[in-house]
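Encoded as structure tokens, the structure appears first; notes follow it.
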């Protein structure tokens with residue numbers, strides 16, 4: 001189906017059990033309008049905020065001109081909230097004693113919300129949002145079942161805004177910080193009136209934020225010239241609107257962005273953090289560096305000073321030994337080295353900004369290229385041999401839209417086929433495709449959900465043929481490939497196939513848990529039996545780094561014994577790849 005497999009390498013991931021969470025019903029179907037920010041409201045708020053950001057992501061990306069016009073603020077906010085939502089769902093499924101199964105305490109819910117946002121924070125605005133949520137969580141955890149929930153919510157919003165300002169090395173007005181502070185002040189004014197509900201405080205915060213957002217173009221020159229409001233501030237307004245809906249059942253109307261950014265951007269902007277996108281050599285740092293850091297408070301204080309000297313847009317959020325570090329620099333290696341000196345950095349993401357990418361010497365464009373997101377060096381080598389430009393993805397470290405745009409630019413082609421190979425990348429991939437199209441590149445996004453679907457698409461890729469026909473053929477090949485993944489359960493959980501225990505082997509078919517087994521080989525055979533029950537001509541096996549070659553030989557014999565007309569091809573995924581991927585065409 002594709003080029004010959006590369007040699008194996010080591011060290012597999014262990015995937016989460018229970019990826020399919022219980023279906024979330026509308027709050028109005030479950031209980032009346034709440035009077036406090038309890039665990040259920042936190043869960044509802046998070047889910048509604050994720051929906052709101054998903055709906056507005058494209059528009060927010062489109063108005064993103066500050067601190068860097070890289071068109072990914074909406075996507076970064078969405079991915080940050082997505083991580084927070086997953087953490088909240090996890091505590092609901094953990095059945096923590098002594099409470100009723102599946103019902104965490106309020107402090108557990110808000111703590112999970114803040115922690116999930118911290119470890120999944122993306123970009124400048126996503127990092128600030130994580131700190132805002134952490135500030136709220138710290139205040140709500142002081143008295144989780146307060147007899148005065150309305151003033152407590154106002155205090156939480158105030159603490160959030162103050163902690164976000166402290167996290168930014170050089171705060172700039174007219175940004176998400178300004179909007180957060182205005183929301184907090186409006187909430188405090190409402191709470192001080194007495195005899196109010198949390199819903200009224202939330203609505204006051206939303207109204208205050210909306211008013212402040214409308215003023216951001218007059219506070220920050222680059223926004224005024226571009227005829228847009230602050231993108232991060234608009235995202236925060238969407239999150240506050242979700243809080244109002246969770247507390248009242250009625251979503252407030254977000255202001256329309258229609259007609260925004262009708263005037264072209266002009267001269268370079270250099271105000272505080274970051275610069276407007278520009279082709280001038282002094283248009284700002286070329287790289288965004290983000291990493292999680294395990295370090296003591298005093299070490300982080302030294303790190304702030306060091307990174308502040310290296311670049312701009314410095315935001316360090318977190319606490320209790322775990323921090324999320326964000327900075328724009330010209331020397332990403334020095335930024336990472338500073339983190340190593342302070343503690344243990346991991347989940348390191350380095351993104352090359354588009355403006356800097358366009359400073360490279362011009363080269364002759366090829367007609368067509370394929371950009372593929374892959375997990376594991378073996379798969380990456382396989383795709384490169386097939387002619388694709390690859391973007392690495394590690395467990396828990398999905399590439400941001402900026403990285404995908406950079407890969408599209410690196411491919412240096414007039415036409416690009418983008419293979420995300422993961423359903424969680426749908427928004428980032430769509431944002432990257434939109435950005436590349438705005439730069440004159442013809443991009444087709446094929447919604448591949450697994451690496452084996454990407455391999456199937458690559459196998460029929462015809463770089464010399466008609467672009468539209470090539471995309472149709474690749475899409476058909478990917479769509480005709482059913483995919484499965486074997487994972488090891490990390491904890492006991494409910495799945496669509498029943499209850500799994502920690503250490504069980506899970507067989508996920510097309511994203512849903514279909515088989516729960518005790519061993520890799522027997523579970524793989526059960527998965528193959530189900531997949532081949534509806535037919536097939538070719539089985540693709542991608543072995544993880546610790547899967548023995550004997551596993552492939554056993555599965556090949558299994559297929560041959562029951563399906564004589566079905567061929568089998570085996571590849572090695574390499575480090576960071578799943579224990580086993582299966583494709584059936």
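The values are calculated or read from the model by the stated rules, or taken from the named source; none is laboratory data. Model, not experiment: these values are computed from the prediction. Cβ placement follows ideal geometry from the backbone for every residue including glycine, while neighbour counts extend to all protein chains displayed.
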Enumeration of residues in the range 114-147 that are surrounded by fewer than 24 Cβ atoms within 10 Å (Cβ to Cβ) and either closer than 17 Å to residue 206 by Cα or at pLDDT below 90 (or both)
119, 141, 142, 143, 144, 145, 146, 147
Pick out the one residue from 177, 213 that is within 30 Å of residue 314 (Cα to Cα), in contact (Cβ under 8 Å) with a residue 12 or more places away in the chain and touching a strand residue (DSSP E or B) at 6+ places or on another chain (Cβ under 7 Å).
177
For the range 426-460, give me the residue count where each residue is buried (at least 21 other Cβ atoms within 10 Å of the Cβ) and part of a loop (DSSP other than H, G, I, E, B).
3
Hey, any hits in the range 34-43 for a residue that's part of a loop (DSSP other than H, G, I, E, B), modelled with pLDDT of 70 or more, touching a helix residue (DSSP H, G or I) at 6+ places or on another chain (Cβ under 8 Å) and crowded, with 24+ Cβ neighbours inside 10 Å?
yes
Of the residues 127, 80, which single one is touching a helix residue (DSSP H, G or I) at 6+ places or on another chain (Cβ under 6 Å) and either free of Cβ contacts under 8 Å to residues at least 60 places away in the same chain or more than 30 Å from residue 502 (Cβ to Cβ) (or both)?
80
Do any strands (runs of 3 or more DSSP E) lying entirely in the range 505-585 carry at least 3 residues that are buried (at least 22 other Cβ atoms within 10 Å of the Cβ), and which ones are they?
505-509, 538-543, 580-584
Looking only at residues that are modelled with pLDDT of 85 or more and surrounded by 24 or more Cβ atoms within 10 Å (Cβ to Cβ) in the range 92-113, which one is nearest to the chain's Cα centre (by Cα)?
113
Of all the residues that make up the range 468-494, how many are in contact (Cβ under 8 Å) with a residue 60 or more places away in the chain and closer than 23 Å to residue 421 by Cα?
12
How about the range 335-349: which of its residues are within 20 Å of residue 168 (Cα to Cα) and surrounded by fewer than 16 Cβ atoms within 10 Å (Cβ to Cβ)?
none
Residues located in the range 196-210, provided they are surrounded by 24 or more Cβ atoms within 10 Å (Cβ to Cβ) and in contact (Cβ under 8 Å) with a residue 60 or more places away in the chain
198
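Residue-wise test of (1) over 21 Å from residue 584 (Cα atoms); (2) more than 24 Å from the chain's Cα centre (by Cα); (3) outside the structural domain of residue 536 (by TED's automatic domain parsing).
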| site | (1), (2), (3) |
| --- | --- |
| 490 | yes, no, no |
| 495 | yes, no, no |
| 498 | yes, yes, no |
| 502 | yes, yes, no |
| 505 | no, yes, no |
| 514 | no, yes, no |
Going by the conditions given, is residue 303 within 26 Å of the chain's Cα centre (by Cα), crowded, with 17+ Cβ neighbours inside 10 Å, modelled with pLDDT of 90 or more and not in a strand (DSSP E or B)?
yes
Hey, residue 318 part of a loop (DSSP other than H, G, I, E, B), crowded, with 19+ Cβ neighbours inside 10 Å and on the phi > 0 side of the Ramachandran plot or not
no
Return the residue satisfying two criteria in turn: it lies in the range 393-425 and is at pLDDT below 85 and not in a helix (DSSP H, G or I), and of such residues it is surrounded by the most Cβ atoms within 10 Å (Cβ to Cβ).
400
Being out of contact with any strand residue (DSSP E or B) (no Cβ under 9 Å at 6 or more places or on another chain) and buried (at least 21 other Cβ atoms within 10 Å of the Cβ), is that true of even one residue in the range 481-493?
no
Counting only residues that are more than 26 Å from residue 234 (Cβ to Cβ) and either at pLDDT 50 or above or not in a loop (DSSP other than H, G, I, E, B) (or both), how many does the range 16-33 have?
5
Scan the range 148-159 and tell me whether some residue there is without any contact (Cβ under 8 Å) to a residue 12 or more places away in the chain and surrounded by fewer than 18 Cβ atoms within 10 Å (Cβ to Cβ).
yes
Out of all the residues in the range 171-202, which are in contact with a helix residue (DSSP H, G or I) (Cβ under 8 Å, 6 or more places away or on another chain) and assigned to a loop (DSSP other than H, G, I, E, B)?
171, 173, 174, 175, 196, 197
From 64, 76, grab the single residue that is assigned by TED's automatic domain parsing to the domain that holds residue 228, at pLDDT 85 or above, buried (at least 19 other Cβ atoms within 10 Å of the Cβ) and not in a helix (DSSP H, G or I).
64
